[in-house]
1. Pop a pseudo-label 7 angstrom from the Cα along the beta-carbon direction at both residue 74 and residue 141 and give the gap in nm to one decimal.
2. Ranking 133, 218 by Cβ neighbours within 10 Å, fewest first, what do you get?
3. Hey, could you pull the Cα Rg and Dmax for the chain, both in Å?
4. Using the Kirkwood formula over every pair of different C-alpha atoms, what hydrodynamic radius in Å results for region 126-247?
5. Top mean-square fluctuation among 191, 105, 15, Gaussian network model of the chain, C-alpha springs under 10 Å?
6. Quick one: if you take sqrt(5λ) for each eigenvalue of the C-alpha gyration tensor of region 195-247, what semi-axes come out, biggest first, whole angstrom?
7. What is the fewest-to-most order of 221, 76 by other Cβ atoms lying within 10 Å of their Cβ?
Ligand SMILES: Nc1ncnc2c1ncn2[C@@H]1O[C@H](COP(=O)(O)OP(=O)(O)O)[C@@H](O)[C@H]1O
Ligand SMILES: [Mg+2]
């Protein structure tokens with residue numbers, strides 16, 4: 001059984017039909033990359049899975065860890081162990097790194113104990129564990145979020161997700177706006193998180209960087225999957241890369 005399965009999903013913003021009969025799976029333990037040009041439907045896919053509105057899923061099924069989560073409230077999906085780190089990162093600029101992490105923990109504990117009939121499978125990491133993944137954040141623990149570099153803010157956004165019970169971590173363009181050296185640092189952290197047993201769905205326009213660490217790859221165009229295969233298969237498929245990714 002796949003950890004995440006989208007089966008013939010159709011999603012809309014009002015009358016705009018964005019995701020069209022979209023199907024793909026993410027296998028437990030994998031780093032899965034969802035690649036495509038700007039406007040292809042990547043963020044819409046992640047928001048549909050996470051239960052964020054808009055968009056509205058009007059047809060098809062989204063299954064996460066064996067449960068049908070189609071149309072479920074975002075908090076009910078999240079408590080099942082699915083975290084989305086959105087493109088805009090959404091850290092608190094006026095709070096310190098340590099406060100940002102503490103708040104993530106409080107929110108996680110509250111939603112775990114609020115009485116939902118959901119079996120929580122994974123405890124969130126402690127702050128100490130999170131700092132092992134991101135030593136840089138440990139050094140900056142007392143610095144306000146707003147004063148961090150782009151790369152450090154991305155690390156903090158991922159770190160916040162790790163403080164919650166995360167079986168599937170979905171990252172929306174984590175490399176955007178980062179220098180190559182910083183991309184490598186984030187990449188290394190994502191690989192370690194994966195080795196620790198968290199499944200990753202990595203959405204990127206930076207296809208080359210994503211292929212570096214991905215086990216499986218999908219390419220999305222105009223709201224539909226146009227390629228599915230291993231990273232090696234995508235590297236070898238010049239036509240697909242050229243036509244849909246421009247690399
Ligand atoms: N809130 C919205 N309302 C209406 N249309 C939207 C909205 N968000 C995105 N779209 C449209 O949906 C399509 C897919 O967007 P998106 O999923 O953000 O693409 P990507 O993340 O791949 O760049 C685009 O045509 C975009 O203009
Ligand atoms: Mg996007």
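Since every read-out is calculated from the coordinates, none of them should be taken as a lab result. On a predicted model such as this, the values are computed, not experimentally measured, just so you know. Here Cβ is always computed from backbone atoms with ideal geometry, including for glycine, and neighbour counts include all displayed protein chains.
1. Going from the residue 74 label point to the residue 141 one covers 3.0 nm.
2. Least crowded to most crowded, the residues run 133, 218.
3. That works out to 17.4, 51 Å for Rg and Dmax.
4. 15.5
5. Result: 15 has the largest fluctuation of those listed.
6. 19, 12, 10
7. Taking fewest neighbouring Cβ atoms as first place, the list is 76, 221.
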